[in-house]
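Right, one structure below, let's go through it.
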Amino acid sequence: MGLTARAAVFHAPDRPFEVTEIDIDDPGPGDVVVRMAAVGICGTDLHSVKGEWSRPTPVVLGHEGAGVIEWVGAEVLGRAVGDEVVLSWAPGCGACSDCRAGRPARCPALNRAIAQSSLPGGKTGVSLRGGPLHRGTATGCMAERVVVSGRVALPTGGGIPLDEAALLGCAALTGVGAVLFAAKVKTGASVLVVGAGGVGQFAVQGARIAGAETIVAVDLDEARRRQALSLGATHVAHPDELDDLLGSVAPEGVGFAIDAVGDPQTTAYALARAASGSTTVIVGLPAAGRRLDLDPVDLIRKEKFLTGCLYGSADPAAALPILLEHVRAGRLELTSLLGSSYPLADVNEAVAESLAGHGGRVLLKP
């Protein structure tokens, strides 16, 4: 087919992205070609930009995206040209114990690929000026088009703007999933969400959808706190104000705490404010090398549960239809979580705004 595409290529933390043409290997019978419409800049991408993670370069970052299928391989079932799709970065191998358990994001083959900035199987399927080129989070969708496995392209059924649908590919599945599938929050529960960024705002919505009675969002940024209130938080606080607030709304601590930041300090902060018998879920990913110092006596005496959550602790192919139902029923808000949109050529400006962290999800529009 001789496919090419313009893409945003990341070389190193101290260099700007290069927007240039890349070559794409011909798709196989199990692949689809997706014309990208919107790509969200995720915290995972920013870890590479800030030099907090070491991954092979040059690399096309981006894994939270939506677009339209342009071509379908002969072995792909349930997909058709013209389908509007959300990309899932965790198709898994389908054969390991994690995939069989419905947790493809834990798949060892997938996680090796992510560490190598390749696709599962070791190849990348793209090249730059005849040389090697890598793909971030086994996807690499900061490009005009991508070739992915048919299992990566999950149909939306249409009717949802692709700008909004892009958020479903990572932030929404992660944040809502952390509450519904990892924590399993019950009706009437009390929930603390630490960090009201993209994932945190979806965790707030997940708590509302679950029927939590008390939903407290804590964040340094006032605008984020206001938005959390509009999305279902019953209370918001600056970190310095939280203990006074909890003294009145959850004096014994919260039943569920969601750390949407993932830094060891925020995890310890969330865990310390969780009640006996509570569940604390770590959702955000820390910089490489960071370690969490725990007091095991506190966990034992209060029978607290601490768990991690990767990609919503569910199979994206099963979780996405649930989220789509919530969107169509008006229970899951997407529009207000969108930030600025930039053309691919302005990727460096888009990344700079995303690093500033004040608005909604910054999008690239390839």
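Please treat every number below as a calculation from the coordinates, not as lab data. Model, not experiment: these values are computed from the prediction. All Cβ positions, even for glycine, are placed from backbone atoms using ideal geometry, and neighbour counts span all protein chains on display.
Below is a table of values for the structure above.
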quantity: Inter-centroid distance (Cα atoms) of the stretch 77-91 relative to the stretch 348-366, Å; calculated: 25
quantity: Amide H contacts under 5 Å for LEU306, placed H, 5+ residues apart; calculated: THR280
quantity: Amide H within-cut-off set for ILE22, under 5 Å, with H built and near neighbours excluded; calculated: ALA5, ARG6, ALA7
quantity: Lysine pairs in the chain with Cα atoms under 25 Å, if 8 or more residues apart or on separate chains; calculated: 5
quantity: Note, ³J(HN,Hα) from phi for the stretch 76-82, Karplus 6.51, -1.76, 1.60, rounded to Hz, x at Gly and Pro; calculated: 8, 9, x, 10, 9, 4, x
quantity: Radius of gyration, Dmax [the chain; alpha carbons; angstrom]; calculated: 20.0, 64
quantity: In the stretch 294-352, trypsin sites (Lys or Arg not before Pro) in a DSSP loop with at most 15 other beta-carbon atoms within 10 Å; calculated: LYS302, ARG331
quantity: Extension reserve of the LEU245-ALA272 stretch, reckoned as 0.36 nm per residue once the Cα distance is removed; calculated: 8.3 nm
quantity: Square roots of 5 times each gyration tensor eigenvalue, C-alpha, the stretch 207-360, largest first, Å; calculated: 28, 20, 18
quantity: Alpha-carbon centroid distance for the pair the stretch 244-273 / the stretch 140-156, whole angstrom; calculated: 37
quantity: Residue-averaged [θ]222 nm for the chain, counting only DSSP H segments that reach four residues, each worth -39500 (n - 2.57); calculated: -7500 deg cm²/dmol
quantity: Residue-wise HN-Hα coupling along the stretch 9-26, computed from phi with Karplus coefficients 6.51, -1.76, 1.60 (Hz; x: Gly, Pro); calculated: 9, 9, 9, 6, x, 9, 10, x, 4, 9, 8, 8, 7, 10, 9, 10, 4, 4
quantity: Burial ordering of SER340, SER248, fewest other beta-carbon atoms within 10 Å first; calculated: SER248, SER340
